[in-house]
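See structure below.
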Amino acid sequence: MSTTLPSPAVRPDGRKRAFLEVNDLRVHFPTADGVVKSVDGLSFELERGEILGIVGESGSGKSVTSLAILGLHKGSNAEVTGEIWLDGREIIAATEEEVRDLRGSEMGMIFQDPLSSLHPFYTVGAQISEAYLVHTKVSKKEARAEAIRMLEKVGIPNAPSRYNDYPHQFSGGMRQRAMIAMALICKPRLLIADEPTTALDVTVQAQILELIKQLHDELNSAVILITHDLGVVAETCDKVLVMYGGQCVETGPVDEIFYAPEMPYTWGLLRSMPRMDRDRQTRLTPIPGSPPSLINVPSGCVFNTRCPFTDRVDGDKCRTVHPNLEQGATPGHAVRCHIPAAQRQEIWLTEISPSL
Amino acid sequence: MINETTAVPAPASTPRGEPLLSVRNVSKYFPGSHSGLLGRRGTPIKAVDGVSFSVDQGQTLGLVGESGCGKSTTGRVISKLLEPTSGEIRFNGRDIAGLKPREMKSYRSEIQMIFQDPFSSLNPRHTIGTIVGAPFRIQGVKTEHGIKAEVQSMMERVGLNPEHYNRYPHEFSGGQRQRIGIARALSLRPKLIVCDEPVSALDVSVQAQVVNLLEDLQSEFGVAFVFIAHDLSVVRHIADRVAVMYLGKIMEIADRDTLYSEPLHPYTHALMSAVPVPDPRKERRRERILLTGDLPSPSNPPTGCVFHTRCQKFREELTDVQKNRCRTEVPVVTENAPGHEVYCHFPAPRAGLTDLLKTGAAT
Amino acid sequence: MVRFITFRLLGAIVVVWIVSVVTFLIFQVVPTLTDTSPVYYYIGKVPFPPDSIQFKALVHRFGFDLPLYAQYWHFLSGILLGQNITDGVSTPIVCPAPCFGYSFRQNELVGTMILNAAPVSISLLVGAAILWLVGGVAVGTLSALKPGSFVDRVGMTSSLAAVSLPIFFTGPLLLLIFEYTLGWLPDTSYAPITEDPAQWLRSMILPWVSLAFLFAALYARLTRSNMIETMGEDYIRTARAKGLGRRTVVVKHGLRAALTPIVTIFGIDVGTLIGSTIITETVFNLRGIGYLSIKSIQSLDLPVILGVTIIAAVALVVANLIVDILYAVIDPRVTV
């Protein structure tokens, strides 16, 4: 490598790169109706050992983001721009072959629906050892032994005999455990879990989240947990990124987001869910309207069409000027909102928090 | 209309003071998968096995439990989409369990259903007007201003634009489609609606809109709900009474406040401890009862108490003599307080579980 | 698995039995339609005046005066147990089981005629089937991998053309080009593969191509749509997320799943195929089963028609049985 080029592990401003760094990621899909801007200018950083929760409703761009990190949009008609740095290697500009080497070995992924995510015609064991064989030069027998070890580790009883079962012979929770075994068999340093418990019962969800946390501690990997459930985030994550309309609207440490959120959309999410840990409310407070079109994204702030607080901002700024993601009350807490920071914090304390 | 609304609170407005719906010892068995050429049958799958509960007029009963616990099958049996294998379903003072489809016709308009998936439960080739108006045509109901006017006023009531009368389901969002399903179910002013996971497929913000709508409609039309859901938080919000099911049987049934403040069945404890709450500090110091293993097969349920194979109390607290009772004896109902029924040999409140959930303050 | 095969086998036997009843009834109905004695169709000639004592004796000997169920039993036992066949004049002919009767028109046992014709038809069918499966699946897969690309457009346009071209057009066209104009295949007369493999290949290549052309086009389109659907499945995403190479993802994970419905369609197409061989064999002058059935239909040689029908039915049922078993092997969810 030429010495005139900057080292890939260092940013242009001289700061050392984070383990995972996403800079101004945009994923656009051209369709007959227009360009769908699924992800539009997303940036975040993640270090090893951290769990980041990406929260948002369907269509907010959270799954598209995870596929972009794995480079799975390559070969599709998606237009992906920006930078994704994983441990000093850039993924968007890399070739399919280069990213393929990283998939499974450096980054593993778990999906929402474990039944449709497993191939119906191959045994669970064969699918797990296949993941091991791609990245490790071992015999099939050794791969089998490793797959059984992994199945035992994720808590599947009688692993040697369940190895030969097909996915349809597993229960929902067992299938997700098998998916985790498959994603982690090469000990990746980044694990992306896309709604890993949405299709599962609460009791099974608790088991799976527990397992993810335990394996995360053991491998000291970075984890991205994508979910729409704020309860799951509160239980599992260190950092939170709230997505709306393909953009990050608020991000920060988990306690900041739950105890001092500053973005009206985050308030709306917290207010709209019925909670077991609070006195029962006579009425829920939904966010009015429905999520925005990703083809005709609202001008100004993406949330302005559903935001009850646009009157707190002078003039028509919410509808005309796109707000920047700026620091909130504490470092590491960033908010995309035109309401002045001090006023936001006051609204939370006086109007939102008491009504939860 | 106003008179109807005010008449709701008295739960005993049906003949002889009976509840609107009273389910007694109802079972639904499905034939085993190995039904052979010569009529040889495998062991039946006991999807619902002797459940009893009742629903008063204008009230909501929540049915909760894991997938495969029989809550959806129970809903389908009540609305007679499935015939019960045995038991009695008294609706409005009459046993409808054995009624033939033809005899059921008049009851069809009084019991309606709302389904989980607003995408697949609406015929994509029919307009909204056709879908919402179908019950009128099927039942041959005459309306004052014609079906269209009636349908449009119903659409307006559930928050849909009446001008969209001629649109097709794919032109609507998930939340709007669920509104269409609600409008269809409500169009004939039924007395009971069985809601099978009506908000599970919706986003949080939209889910709250639909839950509010259901509550508004209940107080306006005095309709009773059987609300089937796996989300305990939503059920706590909407239900007046809650039944917890496991492997085809009811484990515990009580008034909402009683069940959530003083659950007695170990299975209810496990379910409640598993619900994540959006409060990181509480989550960090919270005790979680993890169920071990998988749901046993409903064609070969455990003997005695069906839950004992996964029960934490059974594993950790009971003596061998007590354990033996769980293994061999099917628990009969214990009425802890009036209306609080528990099917457990050793029911007891669990310290630490509910005070964590109850405290109001965030910090 | 044993259980599954047993059930399918029993089902197959029932189907063959139904076919035997239907063919038997046709045999009964045809004479009444033309108001001719069944004796005429059976032996192909009327050796005695219809009202003579000898004729009545003949009717009695064949059992045509018996009730229908007894006649059916006679028909069935004849096939299963063998029989002696006579026209009442010549010496009886011994026909061992399985006996499909005797053609008095051509003075030969139907079984022998079918046995002689079968290798030609089997060569034609197997060769064409391999050709169209491989060709169709390959074109379909390549098209599916890049929908809208040049390969896709060429593949799908030519397959649309091929679907619209019947064998009686492509067949003579191929003959005209390769045999008469270019002179590449001067002698296309059939030779058994055991005797002269090269000549066998020369005689079969054009029939294979013209028969496979039509089916390959259908299968290319089918494979393409299945493959596009499969490549959008979640488990393909999983396979890619594991870091598998493109070839493994496409062939091992994609094609395996996309081919399952094709196996089913193939079982159904075997029936269509038997019809298509009649045309192909006629066009290329091959003396196979198709040619045999055409010839016997033209001369109303009923024993041959019956024999061919039953054999074709059995072939179809066996093909479907194999496909069902194959399906269970491919898709582990089928056997419970």
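Overall shape of the stretch A:111-187 was characterised from the C-alpha gyration tensor. The equivalent ellipsoid obtained from it has semi-axes of 18, 13, 11 Å, in decreasing order.
On a 0 to 90 degree scale, rounded to 10, what angle separates helix A:124-135 from the longest Cα axis of chain A? Orientation of helix A:124-135: about 90 degrees from the principal axis.
Which of C:Lys56, B:Lys323, A:Lys137 comes first, and how do the rest follow, when ranked by fewest Cβ neighbours within 10 Å? Could the numbers behind the result be given before it?
Details: C:Lys56 14, B:Lys323 17, A:Lys137 6.
Least crowded to most crowded, the residues run A:Lys137, C:Lys56, B:Lys323.
Note the full-extension length gain between C:Val16 and C:Glu179 as 0.36 nm times their separation in residues minus their Cα-Cα distance, in nm to one decimal.
Values: separation 163, 0.36 × 163 = 58.68 nm, distance 4.13 nm.
Once the chain is fully extended between C:Val16 and C:Glu179, it gains 54.5 nm.
Taking amide H atoms as placed 1.01 Å from N in the peptide plane, the amide H of B:Lys249 lies under 5 Å from those of B:Asp49, each 5 or more residues away in sequence or on another chain.
Two decimals is fine: what's Rg over Rh for the protein assembly as shown, C-alpha atoms, Kirkwood radius as Rh? Please list the in-between numbers first.
Working: Rg = 36.1 Å, Rh = 34.3 Å.
The Rg/Rh ratio comes out at 1.05.
The label point for C:Thr36 and the one for A:Arg11, both projected 7 Å from the Cα toward the Cβ, are 9.7 nm apart. In sequence order, the stretch C:267-277 has phi-based couplings of x, 5, 5, 4, x, 4, 4, 4, x, 5, 5 Hz under the Karplus curve 6.51 cos²θ - 1.76 cosθ + 1.60, θ = phi - 60°, and Gly or Pro positions carry x. On full extension, the segment bounded by C:Leu9 and C:Phe168 gains 53.6 nm, given 0.36 nm per residue less the C-alpha separation. Model label sites at A:Ala93 and B:Thr43, defined 7 Å from Cα along the beta-carbon direction, differ in position by 6.4 nm. Distances between placed amide hydrogens fall under 5 Å for C:Gly82 paired with C:Ala97, C:Cys99, all partners being 5 or more residues away or on another chain.
Volume of the convex hull of the stretch C:113-308 (Cα atoms only), normalised per residue: 144 Å³.
If you take each beta carbon of peptide B:192-205 and count the beta carbons of other chains within 10 angstrom, what is the mean?
3
Working note: Karplus 6.51/-1.76/1.60 with θ = phi - 60° gives the stretch C:147-161 the couplings x, x, 7, 4, 4, 4, 5, 4, x, 6, 5, 5, 6, 4, 4 Hz, where Gly and Pro are set to x. Within 10 Å of the Cβ of each residue in C:70-81, the mean number of Cβ atoms contributed by other protein chains is 0.
For chain C, the convex hull drawn through the C-alpha positions has a volume of 184 cubic angstrom per residue.
Per-residue 3J(HN,Hα) values for the stretch A:310-326, derived from phi via the Karplus relation 6.51 cos²θ - 1.76 cosθ + 1.60 with θ = phi - 60°, read 5, 6, 7, 10, 5, x, 10, 4, 4, 8, 10, 10, 6, x, 8, 7, 10 Hz in sequence order (x marks Gly and Pro).
In the Gaussian network model of chain B, springs joining C-alpha atoms below 10 Å, which of B:Lys148, B:Lys28, B:Lys282 carries the largest mean-square fluctuation? Of B:Lys148, B:Lys28, B:Lys282, the most mobile in the Gaussian network model is B:Lys282.
What does the average come to when, for each residue of peptide A:199-210, you count the partner chain Cβ atoms lying within 10 Å of its Cβ? Kindly include the intermediate steps, with their values, before the conclusion.
Values: counts 1, 3, 10, 13, 15, 7, 3, 10, 5, 0, 3, 2.
That works out to 6 on average.
Ranked by the mean number of other Cβ atoms within 10 Å of their residues, highest first, the peptides B:62-74, B:215-227 come out as B:62-74, B:215-227. Taking label points 7 Å from Cα along the Cα-to-Cβ direction, B:Asp95 and C:Leu76 give a separation of 4.9 nm.
Net charge within 13 Å of B:Tyr165 by Cβ-Cβ distance, Lys/Arg positive one each and Asp/Glu negative one each, not counting B:Tyr165 itself?
Numbers: positive: B:Lys148, B:Arg167; negative: B:Glu150, B:Glu156, B:Glu163, B:Glu171.
That sum, taken over residues with Cβ under 13 Å, equals -2.
Highest mean first, how do A:189-202, C:154-167 rank when packing is the count of other Cβ atoms within 10 Å averaged over residues? Could the numbers behind the result be given before it?
Details: A:189-202: 22.5, C:154-167: 15.6.
Output ranking for A:189-202, C:154-167: A:189-202, C:154-167.
In chain B, the calculated helix contribution to ellipticity at 222 nm averages -9500 deg cm²/dmol per residue, counting -39,500 (n - 2.57) for every DSSP H run with n ≥ 4.
Quick one: order C:Thr309, A:Thr31 by neighbouring beta-carbon count within 10 Å, fewest to most. Numbers along the way, then the final one.
Details: C:Thr309 18, A:Thr31 10.
By the 10 Å Cβ count, ascending, the order reads A:Thr31, C:Thr309.
A Cβ-based charge dipole, computed about the Cα centre of the stretch A:111-187 with Lys and Arg at +1 and Asp and Glu at -1, lands at about 220 debye. The residue list A:Gln176, A:Gly155, A:His119 was ranked by how far each Cα lies along the charge dipole of the stretch A:111-187 toward its positive end, using unit charges on Cβ atoms, and A:Gly155 comes out on top. Only DSSP H runs of four or more residues enter the estimate; each adds -39500 (n - 2.57), and after division by the residues of chain A the mean residue ellipticity at 222 nm equals -9000 deg cm²/dmol. Considering only A:Cys301, A:Ser272, A:Ile347, the residue lying farthest towards the positive end of the dipole of the stretch A:264-355 is A:Ser272, judged by Cα position with unit charges set on Cβ.
So in the protein assembly as shown, what percent of DSSP beta bridges are antiparallel if you round to the nearest 5?
Numbers: 61 of 97 bridges.
The antiparallel proportion sits near 65 percent.
Remark on A:Arg48: its backbone amide H falls under 5 Å from those of A:Phe19, a criterion applied only to residues 5 or more positions apart or on other chains, H modelled at 1.01 Å from N.
Given R0 = 41 Å, the distance between the Cβ atoms of A:Glu142 and B:Glu287 translates into a calculated FRET efficiency of 0.50.
Using bins of 5 Å that start at zero, the share of Cα-Cα pairs per bin across the stretch B:198-237 amounts to 5, 22, 33, 26, 12, 2, in whole %.
As a check on your grasp of the helix formula, calculate [θ] at 222 nm for chain C: sum -39500 (n - 2.57) over DSSP H runs of n ≥ 4, divide by the residue count, round to the nearest 500.
Calculated mean residue ellipticity at 222 nm is -23500 deg cm²/dmol.
Only alpha carbons enter this Debye calculation for the stretch A:149-283, each as an equal point scatterer, and the log10 of I(q)/I(0) it gives at q = 0.09, 0.11, 0.20 Å⁻¹ is -0.34, -0.49, -1.21.
Between C:Val329, C:Leu201, C:Trp184, the Cα set farthest toward the positive side of the dipole of chain C (charges on each charged residue's Cβ, about the Cα centre) is that of C:Val329.
Only the coordinates and a few stated rules stand behind these numbers; no lab work does. Values in this document were obtained by computation on a predicted structure and should not be read as measured data. FYI the Cβ positions are ideal-geometry reconstructions off the backbone, even for glycines, and counts take in every protein chain you see.
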